[in-house]
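Worksheet: the structure to be examined is printed underneath.
The values are calculated or read from the model by the stated rules, or taken from the named source; none is laboratory data. Quick caveat, the model's predicted, so the values are computed rather than measured. Neighbour counts run over all protein chains shown; Cβ positions are idealised from the backbone, glycine included. Areas reflect the complete protein model, heavy atoms only, side chains present, ligands, DNA and RNA absent. Shrake-Rupley method; radii C 1.70, N 1.55, O 1.52, S 1.80 Å.
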Amino acid sequence: MDQLTPIRRQYLDVKRRYPHAIVFFRLGDFYETFDDDAELCSRELDITLTSKPMGKGLRVPLAGIPYHAVDGYIAKLIAKGYKVALCEQMSDPATTKGIVDRKVVRVVTPGTVIEGNLLDERANNYLACLAPARRAGRAGGGDSWQGDVGFAYVDISTGEFVAGALTREQAAAELARIRPAEVLVPDGPDPPPWLDASMHVTRVEPLWFDADLATVTVQEHFRVASPEAFGIDRVSPAVPACGAVLMYLRENQAASVPLVSSIRAHRAAEYVGLDAHTMRNLELFTAGRDLRRDGSLLATLDLASTSMGARLLRRRLGQPLVDIVAIERRLDAVAYCHESAMRRARHSDMLREMPDVERLAGRIVAGSAQPRELVALRRGLELIPRLRAELAAAQQTADSKQQSSNAHGSDEVAFDGRIVEIAARLRPCDDVAVAIAQAIDDEPGATLDAGNVVRPGFSEELDHLRLITRDVRRFVAELEAGERERTGIKSLKVGYNRVFGYYIEISKANAALAPEHYERRQSLVNAERYATPQLREYESQILTAKDRAAEIETAIFRQVCAQVAAAAAHVLATAAAVAELDVACGLAEAAARYNYVRPSLDG
């Protein structure tokens, strides 16, 4: 180790802590991979494999990618089932003496992705977990996959979390339906033989499946006295599955864990059971021998205007309801939208303006949102009152028609019951929208570092600091003109670079004319560069103002994100209502387009 370079020692220390992930090690403008990781990335990403000296007589394989293109490369690796540990520079290389501090800021796995550009916006990205039947004294369930299976799945980008105890057949069917990006099983026993071999399986710590530990994990995370608060028996094998999921998220995507605020118990009796063979034959999600999306039932019916609606439609198609009353209520909502083409068009026009509120809220909770995503969320929430008003107007019309029909003895019925319920759940979240609108500029920089994030007038101190930094050009021009006049050197220039800061530049031919109070800062081939007390003082003010402005902007941005995160449950509830309305509008449009009629159901 003594003969290795400091960077090599630092890298090996990181790799020891993340042996099962490809470590993207930040070096300047590149993420570098080394050793086996480099050979793997060269092969899978089709990038050049080279080598680098990293110690006495040591050259190691190396493959790097530009930092600004990292998302595309991560997407390719995640799609192949690999995990990536992002090791970032935590200190500024320009000001750090010695080796730069580095730290793994997150581990990206197929089931814990939250970045919008790495996800299919119209499909959920699930992390699933299978817990074998428990045996006394054996954490993780030993080798038994014979009884009921603990089954849990979560979409960390939206907060959806479902769990239940399923038979092997039901578990296999659910896996085929949700097509999880990653499946967790305890390390030790072989995965269940009925598990689809094409799925990405991750073996995790068996202790996470211990019944007592999992129960405590669930109780502490959700702040409940028992899993029974969610309708899950405390001795159900679903509890170890939930515990293992939460432990895995804490280890790999801890910032997003607060978004998971409840568990929805999976009740198989509520749905028509569809196994993988049946779903293929019915061509619910894919069609033809090549299993393409085109031609499937989903492709035919998916006329949703929002990503949230598209995801909900997909879930509903895979879980047909059994209860006729519940089915009729859904059909009521479709009938409401189908009744008036103009009404449906108005709803759809507004829905097309709606961003993906679910995933925006998830990224804000995780602390990975950019300023423009906050603005997008605000604009989405500002549409909610308009939607509510539109639904209220339609309800008044329906009520009038109903009264008229009753007065004339007509049997006409206004199909508005489900819509009334959806409208009631469209909460405006005005406090969130106002908090964003007051603090965040309508057109902020693409990133927090780009500046211009906080709205002018929100912070007096920030406005003052911005004024100082904006006056740089005027100050430089006035200083340059003044010094030329005082010295008589017409070619004198005032400039700036990152190494030496602000300087006064005089050509070699005129260097003898430099005033005595000029302090030499740098010698060039054809010129000398100087500083003055006035210039040093102004430089200090500028640099201090920039740093302080950045601190204030960051603090305000994080404060607003915290306000949004605190209201995430309300935002997600509103998003769920938007998705329901969108599905109803989309199905009504499909009915109008393809001449579908409402079925008559008889229990």
Go through (1) within 16 Å of Cys87 (Cβ to Cβ); (2) at pLDDT 95 or above for Glu44 and report which single condition fails. (1)
Of the residues in the range 347-369, those that are farther than 17 Å from Thr158 by Cα, of a type outside the set (Lys, Arg), in contact (Cβ under 8 Å) with a residue 24 or more places away in the chain and open to solvent by 30 Å² or more (accessible area, probe 1.4 Å) come to Glu353
Does Phe209 fit the bill of being among the hydrophobic types (A, V, I, L, M, F, W, C) and surrounded by 24 or more Cβ atoms within 10 Å (Cβ to Cβ)? yes
For the range 377-389: of the residues being open to solvent by less than 30 Å² (accessible area, probe 1.4 Å) and of a type outside the set (Val, Ile, Thr), which is nearest to Arg425 (Cα to Cα)? Leu387
When you go through Ala238, Ala165, Ala225 one by one, which is the residue that is modelled with pLDDT of 95 or more, open to solvent by 40 Å² or more (accessible area, probe 1.4 Å) and either touching an Asp or Glu at 6+ places or on another chain (Cβ under 8 Å) or within 14 Å of Val149 (Cα to Cα) (or both)? Ala165
Given (1) in contact with an Asp or Glu (Cβ under 9 Å, 6 or more places away or on another chain); (2) not in a loop (DSSP other than H, G, I, E, B), number of the condition Pro189 does not satisfy: (2)
Hey, could you check the range 435-468 for residues that are touching an Asp or Glu at 6+ places or on another chain (Cβ under 9 Å) and part of a helix (DSSP H, G or I) and say which is surrounded by the fewest Cβ atoms within 10 Å (Cβ to Cβ)? Leu448
Could you pull out the residue among Arg9, Arg16 that is within 28 Å of Thr95 (Cβ to Cβ) and under 33 Å from the mean Cα position of the chain (by Cα)? Arg9
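Looking at this structure, is Leu282 under 20 Å from Ala579 (Cβ atoms) and touching a Leu at 6+ places or on another chain (Cβ under 9 Å)?
no
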Flagged in the range 23-62 as buried (at least 20 other Cβ atoms within 10 Å of the Cβ) and over 26 Å from Ala94 (Cβ atoms), in numbering order, are Asp37, Ala38, Cys41
If a residue must be within 23 Å of Thr215 (Cβ to Cβ) and assigned to a helix (DSSP H, G or I), how many such residues does the range 230-267 contain? 21
Taking interchain pairs and intrachain pairs at least six residues apart, which have beta carbon atoms under 7 angstrom, with the first residue in the range 539-559 and surrounded by 13 or more Cβ atoms within 10 Å (Cβ to Cβ) and the second at pLDDT 85 or above and among the polar types (S, T, N, Q)? Ile552/Ser459; Ile556/Ser459
Go through the range 519-553 and give me each residue that's at pLDDT below 95 and either aromatic (Phe, Trp, Tyr) or under 25 Å from the mean Cα position of the chain (by Cα) (or both). Tyr538, Ala550, Glu551
Kindly indicate whether any position in the range 406-414 is part of a helix (DSSP H, G or I) and at pLDDT below 85. yes
Being in contact with a Leu (Cβ under 8 Å, 6 or more places away or on another chain), surrounded by 13 or more Cβ atoms within 10 Å (Cβ to Cβ) and part of a strand (DSSP E or B), is that true of even one residue in the range 488-497? yes
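Here's the yes/no breakdown for (1) among the aliphatic types (A, V, I, L, M); (2) at pLDDT below 95; (3) part of a loop (DSSP other than H, G, I, E, B); (4) open to solvent by less than 10 Å² (accessible area, probe 1.4 Å):
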residue	(1), (2), (3), (4)
Phe161	no, no, no, yes
Leu175	yes, no, no, yes
Trp194	no, yes, yes, no
Ala214	yes, no, no, yes
Starting from residues that are out of contact with any Asp or Glu (no Cβ under 9 Å at 6 or more places or on another chain) and open to solvent by less than 40 Å² (accessible area, probe 1.4 Å), keep the ones in the range 585-601 and report whichever is farthest from Leu351 (Cα to Cα). Ala591
Does any residue of the range 475-485 turn out to be over 30 Å from Ala550 (Cβ atoms), loosely packed, with under 11 Cβ neighbours inside 10 Å and either of a type in the set (Val, Ile, Thr) or out of contact with any Leu (no Cβ under 9 Å at 6 or more places or on another chain) (or both)? no
Quick one: is Asp323 loosely packed, with under 14 Cβ neighbours inside 10 Å, among the acidic types (Asp, Glu), touching an Asp or Glu at 6+ places or on another chain (Cβ under 8 Å) and farther than 18 Å from His570 by Cα? yes
Quick count over the range 562-579, residues being open to solvent by 10 Å² or more (accessible area, probe 1.4 Å) and in contact with a Lys or Arg (Cβ under 8 Å, 6 or more places away or on another chain), is 3
Can you tell me which residue among Ala276, Ala287 is in contact (Cβ under 8 Å) with a residue 40 or more places away in the chain and either open to solvent by less than 70 Å² (accessible area, probe 1.4 Å) or hydrophobic (A, V, I, L, M, F, W, C) (or both)? Ala276
Can you name the residue in the range 31-90 that is of a type in the set (Phe, Trp, Tyr) and in a strand (DSSP E or B) and, of all such residues, is farthest from Thr202 (Cα to Cα)? Tyr31
